[in-house]
């Protein structure tokens, strides 16, 4: 069989009973945590405008935009929910390939399950697991390695796989769904500078594309015969090199890559997390306050330095004194300064009030990113960082972090995932603690649920 046919057969044929216990546990955590990121992003910049615009494409009572109490066609609901999920930069990140593995799949799966109305917990877990697994496998197969795998490229295909599974399409129709989703893939358009908010929009479009692709395929619309090989295929089109097909297919149906991916502890670019973890560790170990610090040097790989510090004077000025939330989310000086001043880094540090806080900005001006090309030679996309604090008493203390919190080497516990959702839900404003606890309990036992459509009813649906 062709690679695409093999993958389509896998998507169709995988049963809940085929999933290892670790994959079931990881999938439930992905669903739980990603739903929390939707709640956290309900009122983030751009969402009100996005919702007002998407309603102009038509009303429908298929699926819920969480928190806002709107019912829209499934594809429209998935778009808004995924944009909300990505807006706070808390979504789950695969440190090996920088792929946001759940932000497109989970919103699409929730919307499709509500549209269908009779999806069991086991069916839902299986669909989400195979969709996320396929997206990660595609990312791991990109060459040269380690790749920076963009969710706007992989997300449509991963979401289409999950939706095709929920819709019980056969292998031929699932093959078409993957091919149609490939038509919606891209690698461009994600601006990292305020006031642009296109990065979060990209997540929404990817999730929407999964539903669109599966729906077209169900109607019998045909697609290309091979998507993942050849000069017109996914890998050569976007990455100018054939994919690693052995990695793409290795352990297919036996090993599920979702087990190697976990949540992010801070609401900002993953390329800032090693530095933030190092700064917080030094602050705690030496019982420091911001006033004790004379200067901060952050040693960062040259590639990451361009992402979280900037390539020119204007970019660097905006990263040291953010003009908007995106500037702050992608700023090494701001994130480390906020963490050292506040003793942590939460959504409260990514508000307009915090961007102009004198104590944070004053320290940010004394944080000096330093190019460390030796960190660019690393087996994973997320790379080490070293923080040096020059203290006013003359001491210099250092901390290097290779694996920030949330990585497989430094994972969240189940209890920490649940607590993260409680914290994120506060930012939805209208979601009560009781609804959150009911949802968490439902997720613990999701495989026993007869129909998942009502599981998110407490979130303003």
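The values are calculated or read from the model by the stated rules, or taken from the named source; none is laboratory data. Everything quoted here is computed from the prediction, not taken from an experiment. Cβ coordinates were reconstructed from backbone atoms using ideal geometry, including for glycine residues, and neighbour counts include every protein chain displayed.
For residue 243, indicate whether it is on the phi > 0 side of the Ramachandran plot, touching a residue at least 24 places away in the same chain (Cβ under 8 Å) and not in a helix (DSSP H, G or I).
So residue 243 fails the test.
Being under 30 Å from residue 316 (Cα atoms) and outside any helix (DSSP H, G or I) narrows it down to one residue among 185, 194; which is it?
Answer to the check: 194.
Among 320, 339, 380, which is at pLDDT below 95 and within 30 Å of residue 395 (Cβ to Cβ)?
One residue alone meets the criteria, 320.
Only one of 237, 272 is part of a helix (DSSP H, G or I) and free of Cβ contacts under 8 Å to residues at least 12 places away in the same chain; which?
The unique qualifying residue is 237.
How many residues does segment 391-413 hold that are exposed (fewer than 13 other Cβ atoms within 10 Å of the Cβ) and out of contact with any strand residue (DSSP E or B) (no Cβ under 7 Å at 6 or more places or on another chain)?
Counting residues in segment 391-413 that are exposed (fewer than 13 other Cβ atoms within 10 Å of the Cβ) and out of contact with any strand residue (DSSP E or B) (no Cβ under 7 Å at 6 or more places or on another chain) gives 5.
Can you tell me which residue in segment 391-422 is nearest to residue 95 (Cα to Cα), limited to those that are part of a helix (DSSP H, G or I) and touching a helix residue (DSSP H, G or I) at 6+ places or on another chain (Cβ under 8 Å)?
My answer is 417.
For every residue, the table says whether it meets (1) assigned by TED's automatic domain parsing to the domain that holds residue 30; (2) touching a strand residue (DSSP E or B) at 6+ places or on another chain (Cβ under 6 Å).
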{"position": "251", "(1), (2)": "yes, no"}
{"position": "260", "(1), (2)": "yes, no"}
{"position": "278", "(1), (2)": "no, yes"}
{"position": "289", "(1), (2)": "no, no"}
{"position": "294", "(1), (2)": "no, yes"}
{"position": "301", "(1), (2)": "no, no"}
{"position": "309", "(1), (2)": "no, yes"}
{"position": "312", "(1), (2)": "no, no"}
{"position": "315", "(1), (2)": "no, no"}
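What about residue 282, is it crowded, with 18+ Cβ neighbours inside 10 Å and either in contact with a helix residue (DSSP H, G or I) (Cβ under 9 Å, 6 or more places away or on another chain) or not in a loop (DSSP other than H, G, I, E, B) (or both)?
Criteria met by residue 282.
Let me confirm something: among 211, 227, which residue is crowded, with 23+ Cβ neighbours inside 10 Å, on the phi < 0 side of the Ramachandran plot and not in a helix (DSSP H, G or I)?
227
What's the number of the condition residue 348 fails, among (1) under 24 Å from residue 290 (Cβ atoms); (2) under 21 Å from the mean Cα position of the chain (by Cα); (3) in contact (Cβ under 8 Å) with a residue 12 or more places away in the chain?
So the condition that residue 348 fails would be (3).
Residues being at pLDDT 95 or above and surrounded by 24 or more Cβ atoms within 10 Å (Cβ to Cβ): count how many of those fall in segment 138-152.
Number satisfying all stated conditions: 4.
How many residues are part of a loop (DSSP other than H, G, I, E, B) and touching a helix residue (DSSP H, G or I) at 6+ places or on another chain (Cβ under 6 Å) when one looks only at segment 322-338?
Number of matching residues: 3.
What are the residues in segment 80-99 that are out of contact with any strand residue (DSSP E or B) (no Cβ under 9 Å at 6 or more places or on another chain) and either part of a helix (DSSP H, G or I) or without any contact (Cβ under 8 Å) to a residue 24 or more places away in the chain (or both), if any?
Across segment 80-99, the qualifying residues are 82, 83, 85, 86, 87.
Looking at segment 25-49, which of the residues that are out of contact with any helix residue (DSSP H, G or I) (no Cβ under 6 Å at 6 or more places or on another chain) and assigned to a helix (DSSP H, G or I) is surrounded by the fewest Cβ atoms within 10 Å (Cβ to Cβ)?
Across segment 25-49, the extreme among qualifying residues is 49.
Checking residue 244 against (1) surrounded by fewer than 24 Cβ atoms within 10 Å (Cβ to Cβ); (2) more than 25 Å from residue 380 (Cβ to Cβ), which test does it fail?
(2)
If we scan segment 57-66, do we find a residue that is out of contact with any strand residue (DSSP E or B) (no Cβ under 9 Å at 6 or more places or on another chain) and assigned to a helix (DSSP H, G or I)?
Looking through segment 57-66, none of the residues is out of contact with any strand residue (DSSP E or B) (no Cβ under 9 Å at 6 or more places or on another chain) and assigned to a helix (DSSP H, G or I).
Which residues, counting only those in segment 447-461, are under 20 Å from residue 77 (Cβ atoms), assigned to a helix (DSSP H, G or I) and in contact (Cβ under 8 Å) with a residue 40 or more places away in the chain?
Listed by number, the residues that qualify are 452, 453.
What are the pairs with Cβ atoms under 6 angstrom where one residue, in segment 353-372, is within 13 Å of residue 340 (Cα to Cα) and assigned by TED's automatic domain parsing to the domain that holds residue 341 and the other, located anywhere, is modelled with pLDDT of 95 or more and in a strand (DSSP E or B)? Sequence gap at least six, or different chains.
Qualifying pairs under 6 Å: 366/295; 367/296.
Determine, yes or no, whether residue 119 is modelled with pLDDT of 95 or more, within 15 Å of residue 155 (Cα to Cα) and in contact with a helix residue (DSSP H, G or I) (Cβ under 6 Å, 6 or more places away or on another chain).
Here the answer is no, as residue 119 does not meet what is asked.
Among the residues of segment 431-446, write down those that are in a loop (DSSP other than H, G, I, E, B) and surrounded by fewer than 14 Cβ atoms within 10 Å (Cβ to Cβ).
Scanning segment 431-446 gives 432, 445.
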